[in-house]
Amino acid sequence: MNREKATKLIEENLHTIFAWCLSRLYDKTEAEDLAQDIICAVLKSVDRLEQDEAFFGYLWKTAENIFRMHLRKKRPENLELDDKCCGFYFATPEEEMIQSEQIQLLRRELSLLSTQYREVTVRYYIYDKTCSEISAELNISIEMVKYYLFKTRKILKEGIGMTREFGEKSYNPQTFRMDYWGNWTVDFGNSIYWKLFERRLPGNILLAAYDKPVTITELSVELGVAVVYLEDEVQILEMHELIKKTGDKYQTNIIIFTEDYEKRVLEKFQSIYQEAAKLVYHKIESILPALKNLEFYGNHYDENRLKWIFSNLVMFWALIKCENANKEKFGDYPLLSNGSNGFIFGYDNDNSNHYLNGIYGSLVNNEKTAWVSVENYCMIEKCQWFKLRSEKTISALTDAILSKNVDEENEEVVRMIEEGFISSNNGHLSPEFPVFTQSVFENIYEKLESAVMETYQCMEKICNCAAETLTDYVPKALKNICGQLACIHHQSNIMAYIMETLVEDGVLIIPDKKVNLCMFGVKVK
């Protein structure tokens with residue numbers, strides 16, 4: 001490495017070098033002298049360095065050596081001794097520094113020990129318990145206690161001699177966003193998964209263990225979290241089958257759709273869904289007058305809103321067809337830890353490839369007399385963003401569909417009114433979205449069937465190709481579910497791609513006010 005480049009790097013890091021010196025000497029003048037000695041020593045011999053990438057390692061190693069030489073030069077103050085004094089022993093500053101470093105290294109390695117090793121070691125060395133006492137407390141044999149102690153000494157000895165560098169996630173955690181697709185059942189409490197990932201650590205554990213299996217120690221170093229705290233988090237993830245342990249290593253047990261994968265798929269299939277969008281547009285334009293003349297609640301809406309309604313109905317029916325085809329091909333969804341059937345999956349980005357704020361399809365009331373469906377496209381969240389909280393939410397909406405009186409015991413009625421999904425006039429509920437009778441609903445499907453089939457075929461084509469692409473981005477153990485999950489993920493995204501294309505082409509216009517554009521109800525009887 002040439003001296004000119006080294007000089008530039010040192011100039012860029014002068015503040016860091018001085019801060020390093022000051023943190024060890026606590027004296028500004030001494031720190032300045034030490035920093036100067038370090039810089040001179042580095043520049044004097046930097047031309048011996050063969051690889052430029054090794055400069056910073058060389059810099060800090062030189063700094064440690066110069067610091068130790070600096071400490072050796074210091075002498076303890078003179079003391080007056082009387083005749084009774086037999087002598088003194090002074091630990092040199094260098095010895096004190098080395099001892100301090102070794103203690104820190106020992107603490108570091110202890111923090112990386114897994115439960116069984118840590119519990120035995122702490123009891124034996126810190127609490128001075130005998131092997132017999134430890135055996136009784138931990139309910140293991142004395143021989144096993146001795147084995148753990150022997151193994152721990154070996155682990156600590158090897159670890160202290162290692163140079164460990166915390167991973168990037170220890171100071172710069174990645175974004176992880178969870179998603180769920182499956183049978184919505186309020187009683188099963190699907191919210192448990194959403195709550196789990198309200199914190200950063202669980203998601204970053206899954207990201208750190210995604211590409212390859214890792215030990216708990218490797219996770220600890222990558223995340224900068226002591227094993228004693230990390231184990232609890234991993235245990236929760238393991239309990240919900242989100243991470244899997246094989247031997248002493250863990251690997252993520254759900255598919256994570258990476259940003260690289262999403263971009264590759266979007267670029268590859270953009271022309272396919274754009275063509276489908278044109279077909280949907282031409283079909284709706286051609287029969288819009290006939291659709292407006294049908295008898296349904298909401299046929300008085302303006303033309304733009306009616307286009308939103310019928311375009312979304314095409315997406316809804318195509319999604320149903322795709323869902324049914326996938327279930328016939330792959331079978332039902334697997335059973336999850338909370339008792340529901342579905343998939344948990346994730347993303348390594350924060351909404352950069354996010355097109356929907358949730359789909360709530362066919363939410364039926366207890367009497368099976370009415371149901372409601374909501375498609376929350378991200379592009380219309382200023383107009384509509386519905387969130388299902390409980391069965392009472394469904395009751396409030398279906399009561400409005402059926403024009404019932406206000407149920408004063410249902411607190412969700414108030415929320416639905418406040419958020420503009422239903423309204424009340426003298427205690428009488430009305431929906432703020434279109435409502436169809438079953439016969440009219442089926443009539444509309446017949447009129448739009450060709451557009452539904454085009455959209456469905458678009459979904460099928462993209463999903464099948466995406467499934468092959470996805471196998472290049474997932475752990476080996478998850479390749480067998482790529483087909484089903486690629487369909488689940490992309491079939492809903494394709495709905496959004498087509499709707500967004502219609503907006504970009506000026507066919508659909510997003511209003512500047514609260515309007516439930518993609519929400520409808522059906523009276524079954």
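Can you name the number of the only condition in (1) free of Cβ contacts under 8 Å to residues at least 40 places away in the same chain; (2) over 30 Å from residue 213 (Cβ atoms); (3) under 21 Å from the mean Cα position of the chain (by Cα) that residue 422 fails?
For residue 422, the failing item is (3).
Kindly provide the set of residues from region 406-442 that are open to solvent by less than 70 Å² (accessible area, probe 1.4 Å), more than 22 Å from residue 524 (Cα to Cα) and among the polar types (S, T, N, Q), ordered by number.
Residues satisfying the conditions are 410, 424.
Within region 206-248, restricting attention to residues that are in a strand (DSSP E or B) and open to solvent by less than 60 Å² (accessible area, probe 1.4 Å), which residue is farthest from residue 178 (Cα to Cα)?
Across region 206-248, the extreme among qualifying residues is 215.
Which members of region 462-474 meet the condition of being in contact (Cβ under 8 Å) with a residue 24 or more places away in the chain, open to solvent by 10 Å² or more (accessible area, probe 1.4 Å) and in contact with a Lys or Arg (Cβ under 8 Å, 6 or more places away or on another chain)?
465
Going through region 503-519 one residue at a time, which ones are within 24 Å of residue 362 (Cβ to Cβ) and not in a loop (DSSP other than H, G, I, E, B)?
Answer for region 503-519, where residues must be within 24 Å of residue 362 (Cβ to Cβ) and not in a loop (DSSP other than H, G, I, E, B): just 519.
Select from region 509-521 the residues that are surrounded by fewer than 22 Cβ atoms within 10 Å (Cβ to Cβ) and not charged (D, E, K, R) and list them in ascending order.
Once the filter is applied, which keeps residues that are surrounded by fewer than 22 Cβ atoms within 10 Å (Cβ to Cβ) and not charged (D, E, K, R), region 509-521 yields 509, 510, 511, 515.
From the list 393, 398, which residue is farther than 27 Å from residue 355 by Cβ and open to solvent by less than 30 Å² (accessible area, probe 1.4 Å)?
After ruling out the rest, the residue left standing is 398.
Return only the number of the condition from (1) under 26 Å from residue 223 (Cβ atoms); (2) modelled with pLDDT of 65 or more; (3) not hydroxyl-bearing (Ser, Thr, Tyr) that residue 105 does not satisfy.
Only one criterion is unmet by residue 105, namely (2).
Which residue pairs have Cβ atoms closer than 7 Å, lie 6 or more positions apart in sequence or on different chains, and pair a first residue in region 301-329 that is touching a residue at least 12 places away in the same chain (Cβ under 8 Å) with a second residue that is open to solvent by 10 Å² or more (accessible area, probe 1.4 Å) and assigned to a loop (DSSP other than H, G, I, E, B)?
304/509; 305/515; 307/507
Which one is nearest to residue 344 (Cα to Cα), of the residues in region 249-281 that are among the polar types (S, T, N, Q) and surrounded by fewer than 15 Cβ atoms within 10 Å (Cβ to Cβ)?
Once the filter is applied, the top-ranked residue is 270.
Among the residues that make up region 228-248, is at least one of them of a type in the set (A, V, I, L, M, F, W, C) and either out of contact with any helix residue (DSSP H, G or I) (no Cβ under 8 Å at 6 or more places or on another chain) or under 27 Å from residue 453 (Cα atoms) (or both)? Can you show your working first?
At the first step, the residues of region 228-248 found to be of a type in the set (A, V, I, L, M, F, W, C) are 228, 230, 234, 236-237, 239, 242-243.
With either out of contact with any helix residue (DSSP H, G or I) (no Cβ under 8 Å at 6 or more places or on another chain) or under 27 Å from residue 453 (Cα atoms) (or both) added as a condition, the list becomes 239.
Taking every residue of region 228-248 in turn, at least one turns out to be of a type in the set (A, V, I, L, M, F, W, C) and either out of contact with any helix residue (DSSP H, G or I) (no Cβ under 8 Å at 6 or more places or on another chain) or under 27 Å from residue 453 (Cα atoms) (or both).
Take the residues of region 1-48 that are acidic (Asp, Glu) and assigned to a helix (DSSP H, G or I): which is surrounded by the most Cβ atoms within 10 Å (Cβ to Cβ)?
37
Residues of region 340-380 being at positive phi, open to solvent by 30 Å² or more (accessible area, probe 1.4 Å) and not basic (Lys, Arg), which ones?
Result: 351, 362.
The values are calculated or read from the model by the stated rules, or taken from the named source; none is laboratory data. Note that this is a predicted model, so its numbers are computed, not measured. Backbone-built Cβ (ideal geometry, glycine too); neighbour counts: all protein chains shown. We work out accessible area using only protein heavy atoms, side chains counted, and drop any ligands, DNA or RNA first. Shrake-Rupley method; radii C 1.70, N 1.55, O 1.52, S 1.80 Å.
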